[in-house]
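**Q** I am attaching a structure below and will ask some questions about it afterwards.
FYI, it's all coordinate maths here, none of it is from the lab. Every value quoted in this text rests on a predicted model; they were computed, and no experiment measured them. Virtual Cβ from ideal backbone geometry, glycine too; neighbours counted across all protein chains shown.
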């Protein structure tokens, strides 16, 4: 006889009436802000009552590849203390939307290889697992689940190892269940949650604290897996309970992210090049028609980013302004650099209205600069990779950079460095013990390439 787990938090964390539950999830679908068209296999989603965080949970889970056959739900324990990882011995979990099967084959492997234990008394009352199930059922027609509850003594690396083992099978997917900050006022919550988001999105989780997310172990475990594979965590949306209740004095933060198998800038070029070029051109033209620019864009553009905007007219440079470091959202960086390239590049007169209609826009998206360790100028030259590295040099109050595209004009490394030193105001043979160099890479988005693609 099959062993079926009855709902534990229906009627509290989500409706226990089937029609009410279906209608609630339908509102999430109608109000979804998800702009992405990428079949992810791992997401971070919140686990509060569906009325509070259900839209974000729906947006995250609906981002998952619909070919997935087994979904791991990895969540923190809130109600009962225990050590290690807890598994469910039930064959199926029941919700008002029906039953969903537990993949007991994988459970047995987790018990054997990762020391997980069956612990129904701990798992059964836990909302952080169960609240995701109705949303899963609304998105997937035929999928099994592997509920995993995290107890004390579990490290992020333990979660990363589980993800790594089962990620190899493309029919497996992962839901990391976690809310963000708890019971701060709206301003403090947003400040802390954006710090948390920055850590998740940059992969720098060295200072991640438990108060940032109740599911911190699962979150940082997935980020650790992403770092090891040079994948990226991209934001879908963020909010907090105050947006629903209207009470800003004591809120809970919610965020959802998906795992992209590559670099964030590469993702933007692949899926959102039209938006990048279109935004820059719209900003420049709006200076003449004086109409406000209304921006609707995926939240990946709310993540900090650095770019250069280059303008060309008749295949000649007409302006170029950019940022070396991500000090504001990528959307704002694109807007400001487009305006400055058109109207504030000191090498050129401002673009006029006729030129604004004809000008070509190219955008370079910059990675985070990394300092180069070197012992003398010859060692620095040996560590520079032509045609790939953008280089920043600095000493004292002077600095300069060349984008990787400059290698097309100056292919020799020594001549490249000399020209860069001269750009910074140094002599060709200048060097000192305090001389610093940094490398970065760029992803190019060219208007001409988009036009050729549309013609083809």
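**Q** By how many degrees, 0 to 90 and rounded to 10, does the Cα axis of helix 104-114 deviate from the longest principal axis of the chain?
**A** For 104-114 against the chain, the angle is about 70 degrees.
**Q** Can you list, bin by bin at 10 Å, the percent of alpha carbon pairs in the range 266-360, starting at 0?
**A** Per 10 Å bin, starting at 0, the Cα pair percentages come out as 16, 50, 30, 3.
**Q** Using Cα centres only, tell me the gap between the range 245-282 and the range 53-129 in whole Å.
**A** Taking the Cα centre of each part, the range 245-282 and the range 53-129 sit 28 Å apart.
**Q** Just to verify a number: FRET efficiency for residue 354 and residue 66, C-beta to C-beta distance, R0 = 41 Å, to 0.05?
**A** 0.25
**Q** Let me ask something else. Given points 7 Å out from each Cα along the Cα-Cβ axis, report the residue 450 to residue 332 separation in nanometres with one decimal.
**A** Label at residue 450, label at residue 332, 2.3 nm between them.
**Q** Order by neighbour count: 443, 123, fewest other Cβ atoms within 10 Å first, most last.
**A** 443, 123
**Q** Binned at 5 Å from 0, what are the whole-percent values of the Cα-Cα distance distribution for the range 325-422, short to long?
**A** Answer for the range 325-422: a P(r) of 2, 10, 17, 19, 18, 15, 11, 5, 2, 1, 0 percent.
**Q** Neighbour counts of other C-beta atoms within 10 Å: give me 294, 18 arranged from fewest to most.
**A** 294, 18
**Q** Also, quick follow-up: Using the beta-carbon distance between residue 188 and residue 370 and R0 = 45 Å, what value does 1/(1 + (r/R0)^6) give for FRET efficiency, to the nearest 0.05?
**A** 0.90
**Q** Compute the helix-to-body angle for 50-62: its Cα long axis versus the longest principal axis of the chain, expressed 0 to 90° and rounded to tens.
**A** 60 degrees
**Q** Right, something else. Between residue 297 and residue 204, what is 0.36 nm times their sequence separation minus the Cα-Cα distance? Round to one decimal in nm.
**A** Here the answer is 31.0 nm.
**Q** How far is helix 216-229 tilted off the main Cα axis of the chain, in degrees rounded to 10, range 0 to 90?
**A** So the helix axis and the longest Cα principal axis differ by about 50 degrees.
**Q** I'd like the FRET efficiency for residue 108 and residue 31, computed as 1/(1 + (r/R0)^6) with the beta carbon distance as r and R0 of 35 Å, rounded to 0.05.
**A** E(calc), rounded to 0.05, equals 0.30.
**Q** How much length is gained if the chain between residue 409 and residue 99 is pulled fully straight, taking 0.36 nm per residue apart and subtracting their Cα-Cα distance, in nm to one decimal?
**A** This chain segment gains 105.2 nm when fully extended.
**Q** Another one. How high is the relative contact order of the chain, given as a whole-number percent (alpha carbon pairs under 8 Å, six or more residues apart)?
**A** The normalised contact order for the chain reaches 13 percent.
**Q** Within 10 Å of each residue's Cβ, count the other Cβ atoms and sort 110, 403 from fewest upward.
**A** Ascending Cβ contact count within 10 Å gives the list 403, 110.
**Q** In the range 369-399, which residues have a backbone nitrogen under 16 Å from the label point lying 7 Å from residue 423's Cα in the Cα-to-Cβ direction?
**A** In the range 369-399, the label zone of residue 423 (backbone N under 16 Å from the point 7 Å along Cα→Cβ) covers 369-370, 384-395, 398-399.
**Q** Pull out the extension gain between residue 230 and residue 51, defined as 0.36 nm times the separation in residues minus the alpha carbon to alpha carbon distance; nm, one decimal.
**A** Full-extension gain reported as 60.9 nm.
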